[in-house]
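Notes follow once the structure below has been shown.
Readers should treat all values here as calculations from the given coordinates under stated rules, not as data from a laboratory. A quick note: this is a predicted structure, and the numbers were derived from the prediction, not measured. Backbone-built Cβ (ideal geometry, glycine too); neighbour counts: all protein chains shown.
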């Protein structure tokens with residue numbers, strides 16, 4: 001289980017690439033004070049945690065409701081990563 005967690009964390013880190021997003025975030029928040037910037041990244045972290053939790057709990061049910069197989073989802077995910085790279 002811990003190996004899966006580490007593998008998923010590394011995969012998300014590579015896919016999201018937070019290091020390259022720092023300049024974008026800095027540019028978008030350049031005119032704001034420190035309190036506003038902190039509020040934005042805390043709110044963004046909470047929203048992303050909620051979305052991640054919802055898909056962790058109900059992801060298979062959501063895919064089943066849309067008649068999407070896990071293999072199809074993996075294929076499109078791989079294609080998405082190729083396009084990003």
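Just a few scattered comments:
- Intensity falloff of segment 1-49 expressed as log10 I(q)/I(0), Debye formula with alpha-carbon point scatterers, at q = 0.17, 0.24 Å⁻¹: -0.65, -0.95
- Degrees separating the helix 34-65 axis from the principal Cα axis of the chain, which is the longest one: 10 degrees
- Each helix, a run of at least 4 DSSP H residues, gives -39500 (n - 2.57); summed and divided by the residues of the chain, these come to -29000 deg cm²/dmol at 222 nm.
- Per-pair calculated FRET efficiency, R0 = 35 Å: residue 26 and residue 58 via Cβ, rounded to 0.05: 0.50
- Label-point gap, in nm, between residue 45 and residue 76 - each point 7 angstrom along Cα→Cβ: 3.1 nm
- Taking Cα atoms only, the orientation of helix 70-84 departs from the longest principal axis of the chain by about 40 degrees.
- Rounded to 10°, Cα long-axis angle of helix 18-28 versus longest principal axis of the chain: 40 degrees
- Each listed q (0.14, 0.21 Å⁻¹) maps to a log10 I(q)/I(0) for the chain from the Debye sum over equal C-alpha point scatterers, namely -0.72, -1.21.
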